[in-house]
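Notes follow once the structure below has been shown.
What follows draws every value from the coordinates through simple rules; no lab data is involved. Remember, predicted model here, so these are calculated numbers, not experimental data. All Cβ positions, even for glycine, are placed from backbone atoms using ideal geometry, and neighbour counts span all protein chains on display.
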Amino acid sequence: MKPYPIQLEISGPTAMWTRPDTGSSPVSYVAPTFSAVKGVFESILRWKSVNVRPAKVGIRAPVQFHRYTTNYGGPLRASDAMNKGASFQFYTVVLVNVCYRLYAQAEFAGHHDSTTWPPHTYQDVFNRALDRGQWFYTPYLGWKEFAPDYVGPFRPQTRVCEIENHELPTMLRMVFDQMQNGQKQATYCNNRNHPDPAPQS
């Protein structure tokens with residue numbers, strides 16, 4: 001059965017699409033990764049019978065990097081810091097004032113029969129939920145603390161940001177080895193090898 005297109009626009013004051021190769025002081029990609037785009041769509045509507053396959057990202061605001069510092073109190077602290085209940089300052093480089101148009105396709109996930117909810121129904125329910133501002137869970141821009149200021153249908157006033165022209169030699173595709181219920185195994189796409197249409201600027 002053919003896939004059914006879905007799309008949305010998302011913007012916000014801060015975003016972080018972490019580049020794994022930037023280590024303990026991470027820097028953001030200029031656009032969300034394949035798995036991040038999938039997560040944004042599934043925050044609106046998630047069905048086990050339907051797989052959301054990201055297709056493209058459109059940048060609608062100039063890319064602006066910004067230094068961001070937060071106090072980290074999680075399990076990756078040194079043992080002595082954890083024993084003292086102390087946090088440490090976590091330095092990153094994030095994006096500010098972002099706006100994207102995201103495109104994807106809804107398709108059957110694995111085995112299906114006459115009792116399975118089909119992708120065209122998912123498309124209809126997704127579009128209604130998006131119009132009404134109804135979410136499966138709150139969408140976020142990379143990190144959960146970076147909430148968007150808009151998630152919804154395309155707005156007529158947004159335009160392609162013509163000044164942006166980025167070539168990414170490699171980009172994280174997915175953290176897991178399967179589109180659903182996968183095991184942790186990072187995969188990457190590059191200019192020579194991208195099994196599926198990957199987010200592009």
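Points to keep in mind about this one:
- Relative contact order of the chain: 35 percent, from C-alpha pairs under 8 Å at least 6 residues apart in sequence.
- Candidate cross-link partners of K48 among the lysines, defined by an alpha-carbon separation under 17 Å and a same-chain spacing of 8 or more, comprise K38.
- Residue exposure sequence - K56, K144, K38 - by fewest surrounding Cβ within 10 Å: K144, K56, K38
- Helix 34-44 vs. the chain, principal-axis angle (Cα, 0 to 90°, nearest 10): 70
- Ranked S87, S24, S11, criterion: other C-beta atoms within 10 Å, fewest first: S24, S87, S11
- Hydrodynamic radius by Kirkwood, which averages 1/r over all alpha carbon pairs of the chain, in angstrom: 18.2
- Pairwise label distance in nanometres, D131 with C161, each label 7 Å out on the Cα-Cβ vector: 3.0
- Part-to-part distance (alpha-carbon centres) for segment 110-173 and segment 1-28, which is given in Å: 10
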